[in-house]
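The values are calculated or read from the model by the stated rules, or taken from the named source; none is laboratory data. Keep in mind that this is a model prediction, so the values were computed, not measured. Here the Cβ positions follow ideal geometry from the backbone for every residue, glycine too, while neighbour counts run over all protein chains shown.
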Amino acid sequence: MDQQETDFQMREQMRINQEIEQQRINREFMFDGKTTGKKGWIIVLAFALIVAGLLIAWQASAQDPPYADAEVLRCALKSADANQDGVLSKEEEEALTELNLTSYRIHMFTVKSYEDLKRFPHLKKVWLGETQLADVDLRANYELELVCVQSDETKTLTLAVGCYPQLITPTREGELTIRRRYSENNPNNIWYR
């Protein structure tokens, strides 16, 4: 055999090997234009996980501004999340009239801030959970009809002027101080018009 024939056979063998490798790749990744191989499924799964992560991050950032206390948000979602999307819209927050922040079944929790209750201007009944806070300010909730204070640590409760809810407390008479302050949320207050 001469050199030309040897070169031709080597090129032909390389072409055949390339075709075989291309067929193997096609079998592994593609079948009639559809992704079917292991690596193809891994790519699809990775893309799905990235999209899911982005959706979760978007949903977490959709609650603007974020809640100061996760337990208040958790309880409010149970009570007011009408569309079950995991986010309370302004309309859902304004529609909330009852909020129970006490322990739920076996889940015990401590509320660290009642600041988020300002988001619920039409709140009528609230059961305040266990807390280490001595002062609780509810003057933004000027429509309250019932306030249940569960914690012995709470010593001062600030309510809106003109708001006289029924109070249920574990403390003895006179141990809970009630303060009255004008509420900037109340449209009936002439001081804030």
In segment 119-140, what count of residues is obtained for those that are modelled with pLDDT of 85 or more and touching a strand residue (DSSP E or B) at 6+ places or on another chain (Cβ under 7 Å)? 13
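A quick yes/no check of all residues on (1) acidic (Asp, Glu); (2) surrounded by 11 or more Cβ atoms within 10 Å (Cβ to Cβ); (3) at pLDDT below 85; (4) on the phi < 0 side of the Ramachandran plot:
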| position | (1), (2), (3), (4) |
| --- | --- |
| GLN9 | no, yes, yes, yes |
| PHE47 | no, no, yes, yes |
| SER61 | no, no, yes, yes |
| PRO65 | no, no, yes, yes |
| GLU71 | yes, yes, yes, yes |
| LEU77 | no, yes, no, yes |
Out of (1) modelled with pLDDT under 75; (2) closer than 25 Å to THR131 by Cβ; (3) of a type outside the set (Lys, Arg); (4) surrounded by 10 or more Cβ atoms within 10 Å (Cβ to Cβ), the one PHE29 does not meet is (2)
Please determine whether any residue of segment 95-110 is over 19 Å from VAL149 (Cα atoms), at pLDDT 85 or above and exposed (fewer than 15 other Cβ atoms within 10 Å of the Cβ). yes
Please go through segment 115-165 and pick out each residue that is more than 26 Å from the chain's Cα centre (by Cα) and aromatic (Phe, Trp, Tyr). TYR142, TYR164
